[in-house]
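Trainee: Can you read through this structure? Questions will come right after.
The values are calculated or read from the model by the stated rules, or taken from the named source; none is laboratory data. These numbers come from a predicted model, not from an experiment. As a convention, Cβ positions derive from the backbone with ideal geometry for all residues, glycine included, and neighbour counts pool all protein chains shown.
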Amino acid sequence: MLKLDNISMTVNDSNGGTREIIRNINAEFHPGKIYAITGPNGGGKTTIAKVIMGIYRNCAGNIYLNGEDITELSVTERAKRGIAYAFQQPPRFKGLNVKDLLQIARPSIDDKSLWKNLRDVGLCPEDYLDRDVGPGLSGGEIKRIEIAQVLSRNTVVSIFDEPEAGVDLWTVQRLIGIIMSKYKNNPHATAIIITHNENVLPVCDEILVVNDGMIQTRGTADEIWPLIKGDIECKMKDQCRGEMGYEN
Ligand SMILES: Nc1ncnc2c1ncn2[C@@H]1O[C@H](COP(=O)(O)OP(=O)(O)O)[C@@H](O)[C@H]1O
Ligand SMILES: [Mg+2]
């Protein structure tokens, strides 16, 4: 079980002062469950993910993984303990191909699993295994490879940061199925999905709504989804209108 015990993080702001970007975050994430973190942009969702992964370590409070205090551990140590994070904006690695990247994520991976992991995210292995993970890949392609990398590993806590961004609906539906079968009721693994997606949110066990750096509300999907459904659907429509050129 992953436990966040009163986590807060303060950063320097542009005016020479400081700003608390997440405040008093208390949460427990249990194995076998799928958690969603949602809420407005700038609310603090990615910050929470980076704090769990150890990318941000200048925070107050403590983080426990299966009873061990991991607050002081580096990203590498946390990765070794089985925490994985699929970035909202994944880094590119010029000179490294997709196969290399997946093999670094899981050195024991066999060819069959390599192919399956790429198919699972809607990429054709024949076309992608030798592709350079550099600027030649589109945002959606790099996003899928990032997700494949996390799915390929047997992790204890897997965090997916807006996996739906740049990914088509068909692949999102497929990803939901894969995430459900891999993590739901798995006594050794937890999934945390940062998402606004109307297909993902209702199937999660628990939803945490993060706003203004705090957990504003939380509960089962049955409790929370009806409360936020209207906002999310509205946002989707706005986005769609924007993408279709109806808005500036
Ligand atoms: N390293 C940082 N330094 C300064 N401000 C940051 C840093 N990381 C995030 N922030 C700010 O914290 C707020 C929350 O960001 P973020 O966690 O990315 O939000 P979300 O993922 O919910 O959209 C934003 O206002 C963002 O600009
Ligand atoms: Mg974010």
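Trainee: Within the stretch 121-139, which residues are more than 16 Å from ligand 2 (Cβ to nearest atom), within 30 Å of residue 47 (Cβ to Cβ) and surrounded by fewer than 16 Cβ atoms within 10 Å (Cβ to Cβ)?
Mentor: Those that are more than 16 Å from ligand 2 (Cβ to nearest atom), within 30 Å of residue 47 (Cβ to Cβ) and surrounded by fewer than 16 Cβ atoms within 10 Å (Cβ to Cβ): 134, 135, 138.
Trainee: Then there is this: In this structure, is residue 32 among the small types (Gly, Ala, Ser) and in contact with a Leu (Cβ under 8 Å, 6 or more places away or on another chain)?
Mentor: For residue 32, the condition - among the small types (Gly, Ala, Ser) and in contact with a Leu (Cβ under 8 Å, 6 or more places away or on another chain) - is not met.
Trainee: Residues of the stretch 114-163 being free of Cβ contacts under 8 Å to residues at least 60 places away in the same chain, in contact with a Leu (Cβ under 8 Å, 6 or more places away or on another chain) and either within 16 Å of ligand 1 (Cβ to nearest atom) or among the hydroxyl-bearing types (Ser, Thr, Tyr) (or both), which ones?
Mentor: If the condition is that a residue be free of Cβ contacts under 8 Å to residues at least 60 places away in the same chain, in contact with a Leu (Cβ under 8 Å, 6 or more places away or on another chain) and either within 16 Å of ligand 1 (Cβ to nearest atom) or among the hydroxyl-bearing types (Ser, Thr, Tyr) (or both), then 128, 152 are the ones that fit.
Trainee: Still on this structure: Which strands (runs of 3 or more DSSP E) sit wholly inside the stretch 48-128 and have at least 3 residues that are more than 25 Å from residue 195 (Cβ to Cβ)?
Mentor: Values: elements: 59-65, 83-86, 93-97.
In the stretch 48-128, the matching strands (runs of 3 or more DSSP E) lie at 93-97.
Trainee: Let me ask something else. For residue 143, only one of the following conditions fails: (1) under 26 Å from residue 75 (Cβ atoms); (2) loosely packed, with under 15 Cβ neighbours inside 10 Å; (3) out of contact with any Lys or Arg (no Cβ under 9 Å at 6 or more places or on another chain). What is its number?
Mentor: Checking residue 143 against (1) under 26 Å from residue 75 (Cβ atoms); (2) loosely packed, with under 15 Cβ neighbours inside 10 Å; (3) out of contact with any Lys or Arg (no Cβ under 9 Å at 6 or more places or on another chain), the one that fails is (2).
Trainee: What are the residues in the stretch 1-45 that are under 12 Å from residue 213 (Cβ atoms) and among the hydroxyl-bearing types (Ser, Thr, Tyr), if any?
Mentor: Matches in the stretch 1-45: 8, 10.
Trainee: Still on this structure, I have one more. So, in the stretch 1-49, how many residues would count as being within 16 Å of ligand 2 (Cβ to nearest atom), touching a Phe, Trp or Tyr at 6+ places or on another chain (Cβ under 8 Å) and hydrophobic (A, V, I, L, M, F, W, C)?
Mentor: Count: 2.
Trainee: Among the listed residues 63, 22, which satisfies the condition of being within 11 Å of ligand 1 (Cβ to nearest atom) and closer than 19 Å to residue 159 by Cα?
Mentor: 22 is the lone residue from the list that is within 11 Å of ligand 1 (Cβ to nearest atom) and closer than 19 Å to residue 159 by Cα.
Trainee: When the stretch 131-148 is examined, which residues are found to be in contact with a strand residue (DSSP E or B) (Cβ under 6 Å, 6 or more places away or on another chain) and hydrophobic (A, V, I, L, M, F, W, C)?
Mentor: 133, 147
Trainee: Quick one: is residue 171 more than 16 Å from ligand 1 (Cβ to nearest atom) and either modelled with pLDDT of 95 or more or not polar (S, T, N, Q) (or both)?
Mentor: The answer is no for residue 171.
Trainee: Filter the stretch 5-19 down to the residues that are surrounded by fewer than 21 Cβ atoms within 10 Å (Cβ to Cβ) and part of a strand (DSSP E or B), then identify the one that is nearest to ligand 1 (Cβ to nearest atom). Write out each step before concluding.
Mentor: Going through the stretch 5-19, the residues surrounded by fewer than 21 Cβ atoms within 10 Å (Cβ to Cβ) turn out to be 5-6, 8, 10-19.
Now narrow it down to the ones that are part of a strand (DSSP E or B): 5-6, 8, 10-12, 18-19.
Values: 5: 19, 6: 18, 8: 12, 10: 9, 11: 4, 12: 7, 18: 10, 19: 7 Å.
Ranking the qualifying residues of the stretch 5-19, first place goes to 11.
Trainee: If you go through the stretch 23-65 one residue at a time, how many are surrounded by fewer than 21 Cβ atoms within 10 Å (Cβ to Cβ), touching a helix residue (DSSP H, G or I) at 6+ places or on another chain (Cβ under 7 Å) and of a type in the set (Ser, Thr, Tyr)?
Mentor: Summing the residues that are surrounded by fewer than 21 Cβ atoms within 10 Å (Cβ to Cβ), touching a helix residue (DSSP H, G or I) at 6+ places or on another chain (Cβ under 7 Å) and of a type in the set (Ser, Thr, Tyr) in the stretch 23-65 gives 1.
Trainee: Can you name every residue in the stretch 99-120 that is more than 20 Å from the chain's Cα centre (by Cα), surrounded by 13 or more Cβ atoms within 10 Å (Cβ to Cβ) and of a type outside the set (Ser, Thr, Tyr)?
Mentor: Answer for the stretch 99-120, where residues must be more than 20 Å from the chain's Cα centre (by Cα), surrounded by 13 or more Cβ atoms within 10 Å (Cβ to Cβ) and of a type outside the set (Ser, Thr, Tyr): 99, 100, 103, 109, 114, 115, 116.
Trainee: Just give me the residues in the stretch 25-54 being more than 8 Å from ligand 1 (Cβ to nearest atom) and without any contact (Cβ under 8 Å) to a residue 40 or more places away in the chain, in sequence order.
Mentor: 28, 54
Trainee: Within the stretch 57-68, how many residues turn out to be more than 23 Å from residue 32 (Cβ to Cβ) and modelled with pLDDT of 95 or more? Step through it out loud before you land on a result.
Mentor: In the first step, residues of the stretch 57-68 are kept if they are more than 23 Å from residue 32 (Cβ to Cβ); the result is 57-62.
If we keep only those that are modelled with pLDDT of 95 or more as well, we get 60-62.
Qualifying residue count for the region: 3.
Trainee: Restricting attention to the stretch 66-80, and to residues there that are within 15 Å of residue 29 (Cβ to Cβ) and surrounded by 16 or more Cβ atoms within 10 Å (Cβ to Cβ), which single residue is farthest from the chain's Cα centre (by Cα)?
Mentor: Once the filter is applied, the top-ranked residue is 70.
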